[in-house]
1. For the chain, calculate the relative contact order in percent as a whole number, restricting contacts to Cα pairs under 8 Å that are 6 or more residues apart.
2. Kindly identify the stretch 104-145 as rounded, prolate or oblate by the Cα gyration tensor criterion: order the square roots of the eigenvalues as a ≥ b ≥ c, call it rounded if a/c is under 1.5, otherwise compare a/b with b/c, prolate if a/b is larger, else oblate.
3. Full extension from ALA30 to HIS135: what is 0.36 nm times the residue separation minus their Cα-Cα distance, to one decimal in nm?
4. Under the rule a/c < 1.5 gives rounded, and otherwise a/b versus b/c splits prolate from oblate, where does the stretch 2-54 land using the Cα gyration tensor?
5. Among DSSP beta bridges whose residues both lie in the chain, state the antiparallel percentage, nearest 5.
6. Let me know the shape class of the stretch 203-265, please: from the alpha-carbon gyration tensor, a ≥ b ≥ c as square roots of the eigenvalues, rounded when a/c is under 1.5, otherwise prolate if a/b is greater than b/c, or oblate.
7. Calculate the FRET efficiency for ARG283 and ARG209 from the Cβ-Cβ distance with a Förster distance of 41 Å, rounded to the nearest 0.05.
8. Between ARG161 and GLU50, what is the label-to-label distance in nm when each label sits 7 Å out along the Cα-to-Cβ direction?
Amino acid sequence: MDRFDELQIFVAILDAGSLSGAARRLRRSAPAVTRALAALEERVGTRLVERTTRRLAPTEAGLRLAEMARRVLADYDDAVREDDSAPLRGRLRITVPAVFGRRHVAPAMIDFLDLHPALQVELVFNDRNLDLIEHGLDLALRIGALPDTGMMARQVGQVRRVLVASPAYLARRGSPASARELDAHDIIFSEQRGATEWRFRDGERADGREFAVRLAPRLIVNDIDAMLLAVRAGRGIGRPLSYQVADQLADGTLVRLLPGAEPAPLPVQLLVPSARHMAPRLRACMDFLAQRLGALPELQPIPLPKPV
């Protein structure tokens, strides 16, 4: 077995999460995959994956080799493509936040696959920021500021955290005149990890400094759809992301509160491990998503309501 083949098998093992999964993906026998991994580990002189009865995970050396191996394989894909008109082939693994992914990324990928019949796309719906290298991912969509990881990010829009309530709730309880009046209202929380406060922008300060308002929510859920169900039913005030309630704000089902106190918008970005060694299929996918998502009204800056 040649060395290029070993790298291809090694990457497939990490992508599949198991030796048997890599064997099925590559249509090879499980013993052949096991032998290839053993040969590669012997060649580099260290263990590349930790194997237990339940899981397989790359070691630090395995992560470093995986990043370089993906670059080598991407360069090979570039080299064997004769021209830009050649069909895109291979597989892409993309991670997206669950709600945003269902609403916007999945429909876009269906259309993208129609354009490229030889491609395979795996969408991983997860609200955690999965490590692209560790989990064998090609592309991620992130909402919010990103740490400086050296990866390449491309902004496609922005969203805001908006306070919303139903007209029925406001008719019954009135509208808060400021963020500090929220403690007198019924609050529906969808934040996780024990958060009990919301942050707001101080409109009286030119520097846009934020302040925190501690709250005692009436209902806490870890699902955005459940939170919105309670808010639409008039049970209290919630704070979703603007794209999650764009339709309800447009048709009047929900009312936006205190827009002048909203914190700074959150960028929506596409993230890839490196721009230098991007396979043509990944570049095409990123360009397609950037164009599709960048045209969404939900990702455009939302204006302040006009004074009545």
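1. Working: 470 pairs, mean separation 65.2, N = 308.
For the chain, the relative contact order is 21 percent.
2. Numbers: a/c = 2.88, a/b = 1.65, b/c = 1.75.
Cα axes put the stretch 104-145 in the oblate bin.
3. Numbers: separation 105, 0.36 × 105 = 37.80 nm, distance 2.12 nm.
Full-extension gain reported as 35.7 nm.
4. Values: a/c = 1.76, a/b = 1.15, b/c = 1.53.
Because a/c hits 1.5 or more and a/b fails to exceed b/c, the stretch 2-54 counts as oblate.
5. Working: 24 of 36 bridges.
Here the share of antiparallel DSSP bridges comes out near 65 percent.
6. Details: a/c = 2.26, a/b = 1.45, b/c = 1.56.
It is oblate, given that a/c is not under 1.5 and a/b is not larger than b/c.
7. On the way: r = 40 Å, r/R0 = 0.98.
Efficiency, from the Cβ-Cβ distance: 0.55.
8. Result: 3.4 nm between the two label points.
The values are calculated or read from the model by the stated rules, or taken from the named source; none is laboratory data. Just so it is clear, the structure is predicted and the values come from calculations on it, not from any experiment. Using ideal geometry, Cβ is built from the backbone for each residue, glycine included, and neighbour counts are taken over all protein chains shown. Ligands, DNA and RNA are stripped out before the accessible areas are found, and what is left, the full protein with its side chains, is counted by its heavy atoms. Shrake-Rupley method; radii C 1.70, N 1.55, O 1.52, S 1.80 Å.
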